[in-house]
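To keep things clear, I will list the structure first and then write my remarks on it.
The values are calculated or read from the model by the stated rules, or taken from the named source; none is laboratory data. Note that the coordinates shown come from a computational prediction; the quantities given were computed from them, not determined experimentally. Methodologically, a virtual Cβ is constructed for each residue, glycine included, from the backbone with ideal geometry; neighbour enumeration extends over all protein chains shown. For accessibility, only protein heavy atoms count, side chains too; no ligands or nucleic acids. Shrake-Rupley method; radii C 1.70, N 1.55, O 1.52, S 1.80 Å.
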Amino acid sequence: MALFNPYAKGFNQPVDAIPGRGWSVILAGTTINLCLGVLYAWSVWLKYLTDDAYMKAHGWAGALTSEQASNPKSLCILIFALLMVPGGKIQDKYGPSVAGTVGAVFMGLGLIIAGTSHSYAGILWGFGVGGGIAMGIAYAAPVPATRRWVGPHQVGVMIGLTVAGYGGAAFYVAPLIKWLIVSYSLSFSFLVLGIAYFIVIGIAAQILAWPEEGYVPPQPVEAAAKKAAATAVDWTPGEMAGTWQFYMLILMFMLNTQAGLLIIGHAAKIVKPFLSSGFILVAAGGFVNAIGRVGTGKYSDIIGRDKAYMINAGVAALCMFSLPFMIAAKSLFMTFTACMLAYWVYGGGLALMPSYTADFYGPKNLGMNYGLVFLGWGGGAFMPKLAGKIRDATGSYDMAFYIAGGLLVLAIVIALITKKPVKAAAA
């Protein structure tokens, strides 16, 4: 247990394989993300928040519009992205255990406020603000901690495993939220999760730690060394901001994120015409989101980040352009498949972008460097809100799908031209 000590004592020697202490850090990070990923189950809450009969039956004045019901999630995403920068700074300066503990406090209090206020404002403040702060600070801890324990040939897959928990959360929490809402109430579902997450995140945060100075992680064999994308040069945040590639990474992150958040934020309503139990799509999507992070991380270690990114974006663009026709044809199988591919690609982006950042700018300042790149993820939050507006105005999501697909095509072009920066001194 770290107990706020940033270092794991006794781990200061070269190793041939990731030690057990390193694996405990990776799995603790996955556990924390399994709690923070409750964001991806928001469409289950959205379905009931926009159900007039349900809301009135539980003491509310009436249902929220699709746009209003999307606002807590959009606010959470925005604050999440903004707080990744100070969260990364806390991680880099005080260690991952401190950042994780702060996240536990805000996640627990935020969801308890959302559950006890019994109001739209309470959900905005509790889930949107409190949850966003918790996610921004706590999410900034596991990825940099993981990177310090793993070798350059393992970056993609191990970071993918760490963040898989965030994507996979919907697999268990979507049916849990559905059961709590139906069996008890919408407010009760927030309250239960708030108490549970405060305890689980708080315990897992104490396991996070860095290896001591002198630790050398497992290295690739000579034949694979040429394929290792990591740089031996560390860049400070200020130095990183002076490169054009930094701004391209932010844009790539935003363009990959917007399409996934469109599906994730409105999944239950997208399939409502032919699947009443929309939470099933959300839960299945959570599972695919998780394995997409590990899978994409693995093949990005083999073929390179840029090729993996372009393949993923191309597949997602085809899905976006095809969804209006699949939905019009009421093809549950094809719509479900397209949504699952979109979940995979979205999840893959959450493994690719921290790996990109580590490859381009080194592991030493990864907490704050990735926090700055993560602003792109927050930029993608415009799409769920825009999709809600389009749905309210036109009765369908078709135009939102076309816009998302076009932006993914642009992302492919940007990935094609964005290469690793070269530091003048290193050159």
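Residue 145 passes every criterion in (1) in contact with a strand residue (DSSP E or B) (Cβ under 8 Å, 6 or more places away or on another chain); (2) surrounded by fewer than 22 Cβ atoms within 10 Å (Cβ to Cβ); (3) small (Gly, Ala, Ser) apart from (2). Within the stretch 149-164, restricting attention to residues that are part of a loop (DSSP other than H, G, I, E, B) and not β-branched (Val, Ile, Thr), the residue that is most open to solvent (accessible area, probe 1.4 Å) is 153.
Residues considered: 133, 201. Of these, the only one that is farther than 30 Å from residue 56 by Cβ, free of Cβ contacts under 8 Å to residues at least 60 places away in the same chain and in contact with a Gly (Cβ under 9 Å, 6 or more places away or on another chain) is 133.
The set of residues in the stretch 1-51 that are in contact with a Gly (Cβ under 9 Å, 6 or more places away or on another chain), open to solvent by 50 Å² or more (accessible area, probe 1.4 Å), within 21 Å of residue 94 (Cβ to Cβ) and in a loop (DSSP other than H, G, I, E, B) comprises 4, 5, 11, 12. Restricting the stretch 414-423 to residues that are assigned to a helix (DSSP H, G or I) and open to solvent by 80 Å² or more (accessible area, probe 1.4 Å), which is nearest to residue 305 (Cα to Cα)? Per the criteria, the residue is 416. Remark: pairs (first residue in the stretch 403-415, β-branched (Val, Ile, Thr); second residue open to solvent by less than 10 Å² (accessible area, probe 1.4 Å) and part of a helix (DSSP H, G or I); Cβ separation under 7 Å; 6+ apart in sequence or on different chains) = 409/317; 412/313; 414/252. Scanning the stretch 52-62 for residues that are open to solvent by less than 40 Å² (accessible area, probe 1.4 Å) and outside any helix (DSSP H, G or I) gives 60, 62.
Would you check if there is a residue in the stretch 172-180 being open to solvent by less than 30 Å² (accessible area, probe 1.4 Å), farther than 17 Å from residue 33 by Cβ and in a helix (DSSP H, G or I)?
Scanning the stretch 172-180, I find at least one residue that is open to solvent by less than 30 Å² (accessible area, probe 1.4 Å), farther than 17 Å from residue 33 by Cβ and in a helix (DSSP H, G or I), so the answer is yes.
One line per residue, one yes/no per condition, for (1) open to solvent by 10 Å² or more (accessible area, probe 1.4 Å); (2) more than 14 Å from residue 159 (Cβ to Cβ):
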position: 343; (1), (2): no, yes
position: 349; (1), (2): no, no
position: 377; (1), (2): no, yes
position: 392; (1), (2): yes, yes
position: 406; (1), (2): yes, yes
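Look at residue 362 and say whether it is open to solvent by less than 10 Å² (accessible area, probe 1.4 Å), more than 13 Å from the chain's Cα centre (by Cα), on the phi > 0 side of the Ramachandran plot and not hydrophobic (A, V, I, L, M, F, W, C). Taking the combined requirement at face value, the residue satisfies it. The set of residues in the stretch 365-375 being buried (at least 24 other Cβ atoms within 10 Å of the Cβ) and assigned to a loop (DSSP other than H, G, I, E, B) consists of 374 alone.
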